[in-house]
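Visitor: Would you mind keeping the following structure in view while I ask a few things?
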Amino acid sequence: MFIHSVYFWLKPGISSADEQTFLRGVESLTRIRTVRHGWCGKPAATDRPVIDRTCSYSLVVSFDYEAGHDAYQVQPIHDAFRKLHDLWTEVRIYDVLTP
């Protein structure tokens, strides 16, 4: 299993319409053919010193194999979403390969 976790910090003061555009775009990524499971949302309200809740939204998608992730990266849906990059100030990505 290959897990792709992406954390977004949206630009301060973006309009509600722009935030909805971002949400539609990020949710579309969960419907790419090679995605086995996909979730997106805001940070949970958990409160412990080790938890970083500073991002605006996160996306977590899983693939059966790394090849599925590689195919996801070049999908037109993914390319279209990347064009929304003006809506965020920062993005961090963590990829995990499970045994």
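Just so you know, all these numbers are worked out from the coordinates, no wet-lab data involved. Computed from a predicted structure; not experimentally measured. No Cβ is skipped: glycine too gets one built from the backbone with ideal geometry, and neighbour counts run over all protein chains shown.
Visitor: Modelling each spin label as a point 7 Å along the Cα-to-Cβ direction, I'd like the Asp86/Thr46 distance in nm, to one decimal.
Guide: 3.6
Visitor: Would you mind computing the Rg to Rh ratio of the chain from its alpha-carbon coordinates, Kirkwood style for Rh?
Guide: Working: Rg = 13.8 Å, Rh = 14.2 Å.
With Rh from the inverse mean 1/r over Cα pairs, Rg/Rh is 0.97.
Visitor: Calculate the FRET efficiency for Val96 and Arg24 from the Cβ-Cβ distance with a Förster distance of 35 Å, rounded to the nearest 0.05.
Guide: Values: r = 26 Å, r/R0 = 0.75.
With R0 = 35 Å, the Cβ-Cβ based efficiency is 0.85.
Visitor: Please report the equivalent ellipsoid semi-axes of segment 47-92, computed as sqrt(5 x eigenvalue) of the Cα gyration tensor, largest first, in whole Å.
Guide: Each semi-axis is √(5λ); the values are 25, 18, 7 Å.
Visitor: Over the chain, calculate the relative contact order: mean separation of alpha carbon pairs under 8 Å at least 6 apart, over the residue count, as a percent. It would help to have the intermediate numbers written out before the result.
Guide: Numbers: 154 pairs, mean separation 50.7, N = 99.
51 percent.
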